[in-house]
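**Q** Take a look at the following structure, please.
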Amino acid sequence: MEYRRFKNVIVLKLNRGEEIVSSVKSVCEREKVTLAKISGIGAAQSVKAGFYDVQTRSYHTKEYRGNLEILSLDGNVTQKDGVYLHMHISFAAEDGTAYGGHLNEAVIGGAGEIFLTVINGKVFREIDDETGLNVFLFPQNGIF
């Protein structure tokens, strides 16, 4: 993994065998990023992605393996007991079939190119009683 910071943008290069979620989290911790927009593309050899079932309040994850082209990686960095990442991914298999969902883990199979647009500020997370999801928590009158 290599990265460079250009003012409020961090450009991250991931190599074959490196995992996306843990790499992005590591960079955020090193660079003290508290709020950011994540976007990226690349190629993966494995992806664990899924969806959240509001009725059962549980994630359902599927694992995909092979030559997978990352069509889009999109997400954000906020705070909940430290750095909190929320990312979604869409990717295509060799036959062109597209898949996607909430990103749990993805290992780079070719290369990964990720941009973090750092925003000056903090947004926290709290559990929403109705859905069980960790949703944005904004300060009231600038105070938590």
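**Q** Per the 1.4 Å probe, what fraction of the accessible area of the chain, in percent, lies on carbon and sulfur atoms?
**A** Exposed carbon and sulfur together represent 51 percent of the surface.
**Q** Starting from 0.36 nm per residue, how many nanometres of slack lie between residue 79 and residue 98 once their C-alpha separation is accounted for? Walk me through the numbers on the way to the answer.
**A** Values: separation 19, 0.36 × 19 = 6.84 nm, distance 3.08 nm.
Between residue 79 and residue 98, full extension yields an extra 3.8 nm.
**Q** In vacuum, with every alpha carbon of the range 1-120 counted as one equal point scatterer, what does the Debye formula give for log10 I(q)/I(0) at q = 0.10, 0.17, 0.19 Å⁻¹? Two decimals, please.
**A** -0.29, -0.81, -0.98
**Q** Quick check on the range 73-144: take the gyration tensor over C-alpha atoms, sort the square-rooted eigenvalues as a ≥ b ≥ c, and tell me if it's rounded (a/c under 1.5), prolate or oblate.
**A** Prolate is the answer for the range 73-144, as a/c is 1.5 or above and a/b outweighs b/c.
**Q** 5 Å is the cut-off here: which amide hydrogens, built 1.01 Å from N in the peptide plane, fall below it relative to residue 119, excluding neighbours closer than 5 in sequence?
**A** 35, 36, 37
**Q** Per the helix-only calculation at 222 nm, which mean residue ellipticity applies to the chain, given -39500 (n - 2.57) for every DSSP H run of n ≥ 4 and division by its residues, nearest 500 deg cm²/dmol?
**A** It lands at -2500 deg cm²/dmol.
**Q** Consider all pairwise Cα distances in the range 38-86 and report the whole-number % of them above 15 Å.
**A** 63 percent
**Q** Could you give the nm distance between label points at residue 71 and residue 13, where each point is 7 Å from its Cα heading toward the beta carbon?
**A** Reported label-point gap for residue 71 and residue 13 is 2.8 nm.
**Q** Which residues make up the longest stretch of the chain clear of GluC sites (Glu not before Pro) that lie in a DSSP loop with no more than 11 other Cβ atoms within 10 Å, not counting the sites?
**A** With GluC sites (Glu not before Pro) excluded where exposed in loops, the chain gives 1-93 as its longest stretch.
**Q** Please name which of 47, 88, 12 has its Cα lying farthest along the dipole of the chain towards the positive end, using unit charges on Cβ (Lys, Arg +1; Asp, Glu -1) and the Cα centre as origin.
**A** 12
**Q** Continuing with this model, one more query. May I ask you to compute the full-extension gain from residue 131 to residue 64, defined as 0.36 nm times their residue separation minus their alpha-carbon distance, rounded to one decimal in nm?
**A** 21.4 nm
**Q** Also, I was wondering about something else. Once you've got the Cα coordinates, tell me which of 25/48; 7/48; 37/122 are over 24 Å apart.
**A** Exceeds cut-off: 7/48.
The values are calculated or read from the model by the stated rules, or taken from the named source; none is laboratory data. All of these numbers come straight from a predicted model, not from anything done at the bench. Cβ atoms come from the backbone with ideal geometry, glycine included; neighbour counts cover every protein chain shown. When the accessible area is computed, the model is the full protein with side chains, heavy atoms only, and any ligands, DNA or RNA have been set aside. Shrake-Rupley method; radii C 1.70, N 1.55, O 1.52, S 1.80 Å.
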